[in-house]
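A short reminder: the numbers here are calculations on the coordinates, not readings from a lab. For clarity, every value in this text was computed on a predicted model and none was experimentally measured. Cβ sites come from the backbone with ideal geometry, for glycine too, and all protein chains shown count toward neighbours.
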Amino acid sequence: MKFYLALFTCLIFVLTGCGNSPSTNSTVEEEESHMNEMEQESSQQEIRGIVVDKSDSDMIIATKLTKDQIENKTPEELIGYDTDMYQFSLSEISTKANIGDIVNVTTTGKYKLTKIAKTEVTNIEVVE
């Protein structure tokens, strides 16, 4: 009888201790959202990629893709590919790069990690 009482007490202790953990109070969506919008900072980095979208105000490039793979596709459609994508503002930098051009982009090393990483750029060089 003492064995069952001790077992029951241990079981109650374990169940009540695990029920109020901070990690179980947040939802999976909240944790994914926090992880997807983390900021990262490192030293300057050069990225070689292909221009997949360009407007007057910003540009998106993708790594590891060819012109054939991006043809007639939106950046949202390309997210599922094996690629890293970067978006940056063109407000303080000018470029003659167009969609489909291969570019080398020099970043400041500051990134906001989302599905398409947002970064600051100091130089854009059209390669092809």
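Of note:
- For the range 34-128, chymotrypsin sites (Phe, Trp or Tyr not before Pro) are listed when DSSP marks them as loop and at most 15 other Cβ atoms sit within 10 Å of their Cβ; the list is Tyr81.
- Applied to the range 78-92, the Karplus parametrisation 6.51 cos²θ - 1.76 cosθ + 1.60 on θ = phi - 60° returns per-residue 3J(HN,Hα) values of 7, 4, x, 6, 6, 8, 10, 10, 10, 10, 8, 7, 9, 5, 10 Hz, with x for Gly and Pro.
- Nonlocal amide H pairs with Glu120, under 5 Å, H built at 1.01 Å: Thr108, Gly109, Lys110
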